[in-house]
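J.: Got a structure for you, questions after.
The values are calculated or read from the model by the stated rules, or taken from the named source; none is laboratory data. What you see is a predicted model; the values in this text were computed from it and never measured. We place every Cβ from the backbone using ideal geometry, glycine too, and count neighbours over all the protein chains shown. For the accessible areas, the whole protein counts, side chains as well, though only heavy atoms, and no ligand, DNA or RNA atoms are used. Shrake-Rupley method; radii C 1.70, N 1.55, O 1.52, S 1.80 Å.
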Amino acid sequence: MIAREREDAAPRRFLPELVLVGITILWGGTFLVTKIGLADSGPLFFVGSRFAIAAALLATLSPALLRGWSVRDILAPALIGCTMVAGYALQTTGLESIPSSMSAFLTALYVPFVPLLQLVLFRRVPGAMVWAGIVMAFSGLVLLAGPATIATLTLGYGELLSILSALAFAFQILFIGRFAGVVDPRRAALVQLATVAIGCYALMPLTGEPLPALTSPLIACALALGVASAVIQVAMNWGQAHVAPARATLIYAAEPVYAGLIGWIAGERFTQFGLVGAVLIVSSVVVSELKLKRERNRKAPLL
């Protein structure tokens, strides 16, 4: 009986991590759609519309979310939404002056930022093998970016904005982990999505981004990404209530791997460096889990 209970508990224990893996794969697939949509729109309008559609969809499918709000239901998710606005705004602004490969690499700095901020802000120290996994994941991201990208790295205006965007995304992951389980994940997602939409639209006049023509490809891409964003945000809020921020970061680090695979299916090339990097990133999750199992056996806290 005990053995059967343990067998039944194992899938449930890994379910939150599997959910985060699933949304990471979905996340990776959004890049190709985003690339199509940005051909007809500025980045802030496109991101704002994507999240506005997601918020409207979530509110329509769950009308009960619109009743019985408390201050706690709004403040914490709105704070997370602000980190998302900062991340997307800084990243897209930086993209105007640096190549997309450089932006992707610098944005990936959130991988080491998360455990470092976790240590500084919350005094929580990830285990040794979690750190090893983080080093492996970041090394894999470097290989995915390619030696040519790293060789041209400077600290100009665009690079600095991209690094700040990585810091904003690191705070997003940390805050979701901190407040997950306190607020209903759907209600939190609704506030986060609405905050990003409002923030991006508000930034358009400040950056001088004009309103685009509403073409069929733009509308289709925004609708598709709106559905994806609603699913991703709800699942992210729920999953991180059960998965430590450092480990969630390693799972999210595989996003460019899935994006690369989807791009490869669509006809893009996957370099040899990229393949090695992909293996390192996927292996980093396995390495960190091996240590976490031993820590649980010693009844140490999951960090």
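J.: May I ask you to verify whether F105 is open to solvent by less than 40 Å² (accessible area, probe 1.4 Å), modelled with pLDDT of 85 or more and under 25 Å from S162 (Cα atoms)? Even if it seems obvious, please write down each step before you answer.
T.: Details: open to solvent by less than 40 Å² (accessible area, probe 1.4 Å): yes; modelled with pLDDT of 85 or more: no; under 25 Å from S162 (Cα atoms): yes.
No; evaluated as a whole, the condition is false for this residue.
Residue-by-condition table, conditions (1) crowded, with 19+ Cβ neighbours inside 10 Å; (2) at pLDDT 70 or above; (3) touching a helix residue (DSSP H, G or I) at 6+ places or on another chain (Cβ under 9 Å); (4) under 24 Å from F113 (Cα atoms):
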site: A254; (1), (2), (3), (4): yes, yes, yes, yes
site: V257; (1), (2), (3), (4): yes, yes, yes, yes
site: E268; (1), (2), (3), (4): no, no, yes, no
site: F273; (1), (2), (3), (4): no, no, yes, yes
site: A278; (1), (2), (3), (4): yes, yes, yes, yes
site: S283; (1), (2), (3), (4): no, yes, yes, yes
site: E289; (1), (2), (3), (4): no, no, yes, yes
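Conditions tested, residue by residue: (1) at pLDDT 90 or above; (2) under 14 Å from L193 (Cβ atoms); (3) open to solvent by 50 Å² or more (accessible area, probe 1.4 Å); (4) of a type outside the set (A, V, I, L, M).
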position	(1), (2), (3), (4)
L38	no, no, yes, no
S49	yes, yes, no, yes
A52	yes, yes, no, no
P63	no, no, yes, yes
L66	no, yes, yes, no
A76	no, no, no, no
A86	yes, no, no, no
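J.: Here's another thing I want to ask about it. Out of curiosity, is P115 free of Cβ contacts under 8 Å to residues at least 12 places away in the same chain and either more than 30 Å from L280 (Cα to Cα) or buried (at least 18 other Cβ atoms within 10 Å of the Cβ) (or both)?
T.: Details: free of Cβ contacts under 8 Å to residues at least 12 places away in the same chain: no; either more than 30 Å from L280 (Cα to Cα) or buried (at least 18 other Cβ atoms within 10 Å of the Cβ) (or both): yes.
Against the criterion (free of Cβ contacts under 8 Å to residues at least 12 places away in the same chain and either more than 30 Å from L280 (Cα to Cα) or buried (at least 18 other Cβ atoms within 10 Å of the Cβ) (or both)), P115 does not qualify.
J.: May I pose another question? If a residue must be part of a loop (DSSP other than H, G, I, E, B) and surrounded by fewer than 14 Cβ atoms within 10 Å (Cβ to Cβ), how many such residues does the range 196-215 contain?
T.: First, the residues of the range 196-215 that are part of a loop (DSSP other than H, G, I, E, B): 208-215.
After this cut, where a residue has to be surrounded by fewer than 14 Cβ atoms within 10 Å (Cβ to Cβ) as well, the list is 208, 210-211, 213-215.
Going through the range 196-215 one residue at a time, the tally reaches 6.
J.: So, one more: Which one is farthest from the chain's Cα centre (by Cα), of the residues in the range 164-191 that are aromatic (F, W, Y) and open to solvent by less than 60 Å² (accessible area, probe 1.4 Å)? Give the steps one after another, and end with the answer.
T.: Here is the first cut: in the range 164-191, the residues aromatic (F, W, Y) are 169, 171, 175, 179.
If we keep only those that are open to solvent by less than 60 Å² (accessible area, probe 1.4 Å) as well, we get 169, 171, 175.
Details: F169: 7, F171: 11, F175: 12 Å.
That would be F175.
J.: Can you find even one residue in the range 216-225 that is among the small types (G, A, S), buried (at least 21 other Cβ atoms within 10 Å of the Cβ) and more than 18 Å from L18 (Cα to Cα)?
T.: Going residue by residue through the range 216-225, those that are among the small types (G, A, S) are 216, 220, 222, 224.
Adding the requirement that they be buried (at least 21 other Cβ atoms within 10 Å of the Cβ) leaves 222.
This time we only want the ones that are more than 18 Å from L18 (Cα to Cα), so: 222.
Yes, there is a match, as at least one residue in the range 216-225 is among the small types (G, A, S), buried (at least 21 other Cβ atoms within 10 Å of the Cβ) and more than 18 Å from L18 (Cα to Cα).
J.: Take the residues in the range 226-249 that are of a type outside the set (S, T, N, Q) and touching an Asp or Glu at 6+ places or on another chain (Cβ under 9 Å); name whichever of them is most open to solvent (accessible area, probe 1.4 Å).
T.: Residues of the range 226-249 of a type outside the set (S, T, N, Q): 226-228, 230-232, 234-236, 238-239, 241-248.
Right, trim to touching an Asp or Glu at 6+ places or on another chain (Cβ under 9 Å) and you get 239, 242-243, 247-248.
Details: G239: 0, H242: 105, V243: 10, R247: 13, A248: 0 Å².
Across the range 226-249, the extreme among qualifying residues is H242.
J.: What pairs come up if the first residue lies in the range 187-212 and is within 17 Å of M84 (Cβ to Cβ), the second is open to solvent by 60 Å² or more (accessible area, probe 1.4 Å) and not in a helix (DSSP H, G or I), and their beta carbons are under 9 Å apart, counting only those six or more places apart or on different chains?
T.: Qualifying pairs under 9 Å: R187/W69; A188/V182; M204/P210; M204/L211.
J.: Being within 28 Å of F51 (Cβ to Cβ), in contact with a Phe, Trp or Tyr (Cβ under 7 Å, 6 or more places away or on another chain), at pLDDT below 80 and open to solvent by 30 Å² or more (accessible area, probe 1.4 Å) is the requirement here; does S97 meet it? Show your work before the answer.
T.: Details: within 28 Å of F51 (Cβ to Cβ): yes; in contact with a Phe, Trp or Tyr (Cβ under 7 Å, 6 or more places away or on another chain): yes; at pLDDT below 80: yes; open to solvent by 30 Å² or more (accessible area, probe 1.4 Å): yes.
Answer is yes for this residue.
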